Amino acid sequence: MKTISVSELKPGQRFDSPVYVDGDSVLVPEGVAIRDKDIDRLRRWKVTSVTTEGSLIGSQEEGPEDAFLQQALHSPGQQAVKKVYKTLSNDLGKVFDSISTMDSVSTQEVDAVIDALFRILDERKNDVVQFILYGFQGKAEPVENAINCAVLATLVGRNMSMVKHKLLQLATVALLHDVGMLRLPPELLTKKGKLAPEELKKMRTHPIHSYKIITRELKYAEEIGLAALQHQERWDGAGYPRGISGRNIILPARIVSVVDSFEAMVSTRPYRGSMIGYAAMRAILSDNSRRFDPEVLKVFIRTMGIYPIGSIVLLSNGAIGRVLENNVDAPLKPTVKVMINERGREYPDDNGETLDLYNEKSVFIAKAVDPRELAPQEGS
């Protein structure tokens, strides 16, 4: 075991074996870059040296996409989802471009996107959910945001046992609910910081634009347009554009309200960074019947789980894992894939142990982890 003075540590350094504090507490796993905050923490603790059996392998130059926490995104399932998303993003992007320039659009183009989404959900539901949470690296654009909302709304609708034509309508409104944004000034959509009162007033006209585009230009059913018009209404009546409340808001709009809010939290917007799935779920849970229909919210929680699929979690034994499956009957006890075990060993091929925490009584989730806090960062 080598001893390294803390004064010799530099941000970005990586070792080919775990680096330990006091001989048994892992400071960083093998291959993970040391950060400024790691060194600062050691100094606060008055730790003068760390130990490792490994050797220095240089500084981390890659972006977060190449970090160990993104290993699962290179699996065959994730690659298949990524390929489908790329195709659908291109197809929907053309539709959105035509809507933006007020060119004619065939509903068949939109319907084809919905049909492809249904197929990929039938084949790889869990991979799709994980991709939504972590596959974009916080860079999802409006087209991808629309696809994500359609996916999440479809999953909720299926758990509500919606009949096929109602499910198709729900997916369609989730895909198109924000198309009214395409008729707003681009500088308004990309502005960082708080909107001025006049800007906010203009932004709040987008559901009206969406309704007109969906019903008058695309010629979809009135219910689809009405759901887009109402998706910013709130359960307590404090929403817009009409300030209606409760069950006066039609069900598809109430579903889109929940999934749109969750999707916005886990994606980066110009005015704030993204939240991890668990933090977003906690924020949704704290609503207390202000914005969301409580019954829709219950179904959404059953659909996604307290720790959504793909969430990174710290286990009680010190291991770090990724949520693979949710347990409907025990939402705090999902099935987890170990990514770094309790001794600091990393599994770069994603071949760590799979733990069913419902049956594995001796291990539980200690907390959710933001991957950005663990993954090496550029310039660190």
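Annotations for the structure displayed:
- Only residues that are over 18 Å from PRO142 (Cα atoms), buried (at least 16 other Cβ atoms within 10 Å of the Cβ) and not aliphatic (A, V, I, L, M) were counted across region 71-106, and they come to 3.
- Flag if ARG14 is at pLDDT below 85, under 31 Å from the mean Cα position of the chain (by Cα) and over 22 Å from ASN317 (Cβ atoms): yes
- Where a residue in region 347-367 is under 14 Å from THR335 (Cα atoms) and its partner, wherever it lies, is exposed (fewer than 10 other Cβ atoms within 10 Å of the Cβ) and of a type outside the set (A, V, I, L, M), with Cβ under 9 Å and at least six apart: TYR358/ASP329
- Pairs meeting the criteria (first residue in region 116-128 and at pLDDT below 95, second residue not in a helix (DSSP H, G or I), beta carbons under 6 Å, at least 6 apart or on different chains) are ASN126/ILE309.
- Selection over region 210-225 of residues that are in a helix (DSSP H, G or I), closer than 18 Å to ARG183 by Cα and not small (Gly, Ala, Ser) gives a count of 7.
- Any helices (runs of 4 or more DSSP H) falling wholly within region 226-344 and containing at least 3 residues that are aliphatic (A, V, I, L, M) and within 29 Å of LYS212 (Cα to Cα): 251-266
- Among all positions in region 347-358, there is no residue which is more than 20 Å from GLN78 (Cα to Cα), modelled with pLDDT under 90 and surrounded by fewer than 16 Cβ atoms within 10 Å (Cβ to Cβ).
- Within region 78-133, considering residues that are among the hydroxyl-bearing types (Ser, Thr, Tyr) and more than 18 Å from the chain's Cα centre (by Cα), the one farthest from GLU144 (Cα to Cα): SER104
- Restricting region 17-39 to residues that are part of a helix (DSSP H, G or I) and either of a type outside the set (Asp, Glu) or crowded, with 18+ Cβ neighbours inside 10 Å (or both), the residue that is modelled with the lowest pLDDT is LYS37.
- Screening the candidates LEU218, LEU200 for the property of being at pLDDT below 95 and farther than 27 Å from LYS298 by Cα yields one hit, LEU200.
- Test: residue in region 285-293 that is more than 23 Å from SER75 (Cα to Cα), surrounded by fewer than 16 Cβ atoms within 10 Å (Cβ to Cβ) and among the acidic types (Asp, Glu): no
- Among the residues listed as LEU195, LEU189, LEU200, the single one being exposed (fewer than 14 other Cβ atoms within 10 Å of the Cβ) and among the aliphatic types (A, V, I, L, M): LEU200
- Test: residue in region 165-182 that is more than 23 Å from GLN232 (Cα to Cα) and at pLDDT 90 or above: yes
The rows are residues; the columns are (1) in contact with a Gly (Cβ under 8 Å, 6 or more places away or on another chain); (2) among the small types (Gly, Ala, Ser).
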site	(1), (2)
VAL6	no, no
PRO11	no, no
SER17	yes, yes
LYS37	no, no
ARG41	no, no
SER49	no, yes
GLY54	no, yes
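The values are calculated or read from the model by the stated rules, or taken from the named source; none is laboratory data. Please read these numbers as outputs of a predicted model, since none were measured by experiment. Methodologically, a virtual Cβ is constructed for each residue, glycine included, from the backbone with ideal geometry; neighbour enumeration extends over all protein chains shown.
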